[in-house]
Amino acid sequence: MYRVGAVLFYTKIMRNSIFLYFIAFFVMITVISCSEDDKDFVEIQKQQLIGTWDAAPNEYGDIYEMVFMADGHFTDNVIINGRIDDIFEGTYIIEGNIINKSYTIHRERLDSYNWSKRECTDIIKFQFYVEGDKVTITSLSGDESAVYIRK
């Protein structure tokens, strides 16, 4: 009787162990495949975003232009009366559909020939959605958004 009970107990433990190993293996495969998919998704999003994007002029005729480069740098330009008056430069990182823009330099036109330059450390996060030649950027709170068209 003792042997039969021990065998049954051992068999039950083995079944549970095999089941647990199977679950652990399944979870591991799922996590690995998801992380690879996320990397591919971010890379596709980055490739779609690279280039120059213009927003529709505001009520004063000012144009906001974003330029995303493949090396992770960006430039934001404010164009007033047909000329660039402000330039913001920095780096960006894409995480899913979130852009983290780290501003490092702000250049402001003083007159036709002179610019002021100051360092800055602002980090701004936006949600973005790319649809062909249109990108919609929305604040994380959702209260501000802008549509940019590929130039």
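The values are calculated or read from the model by the stated rules, or taken from the named source; none is laboratory data. Keep in mind the model is a prediction, meaning the values are calculated, not measured. Here the Cβ positions follow ideal geometry from the backbone for every residue, glycine too, while neighbour counts run over all protein chains shown. Ligands, DNA and RNA are stripped out before the accessible areas are found, and what is left, the full protein with its side chains, is counted by its heavy atoms. Shrake-Rupley method; radii C 1.70, N 1.55, O 1.52, S 1.80 Å.
Every test in (1) surrounded by 10 or more Cβ atoms within 10 Å (Cβ to Cβ); (2) out of contact with any strand residue (DSSP E or B) (no Cβ under 7 Å at 6 or more places or on another chain); (3) of a type outside the set (D, E, K, R); (4) closer than 25 Å to residue 85 by Cβ is passed by residue 121 save one, and that test is (1).
Can you say whether residue 56 is more than 24 Å from residue 147 (Cα to Cα) and modelled with pLDDT under 90, as far as the supplied structure shows?
Values: more than 24 Å from residue 147 (Cα to Cα): no; modelled with pLDDT under 90: yes.
Taking the combined requirement at face value, the residue does not satisfy it.
Every listed requirement among (1) small (Gly, Ala, Ser); (2) touching a Lys or Arg at 6+ places or on another chain (Cβ under 8 Å); (3) within 13 Å of residue 50 (Cα to Cα) is met by residue 72 save one, (2). Against the test of being at pLDDT 90 or above and within 12 Å of the chain's Cα centre (by Cα), the options 75, 91 yield a single qualifying residue, 91.
Could you tell me whether region 54-64 includes any residue that is over 24 Å from residue 143 (Cα atoms), open to solvent by 50 Å² or more (accessible area, probe 1.4 Å) and either in a strand (DSSP E or B) or among the polar types (S, T, N, Q) (or both)? No, region 54-64 has no match at all. Sub-7 Å Cβ pairs linking a first residue in region 85-107 that is touching a residue at least 40 places away in the same chain (Cβ under 8 Å) and open to solvent by 30 Å² or more (accessible area, probe 1.4 Å) to a second residue that is in a strand (DSSP E or B) and among the polar types (S, T, N, Q), at least 6 apart or interchain, are 97/127; 98/127, ordered by first then second residue.
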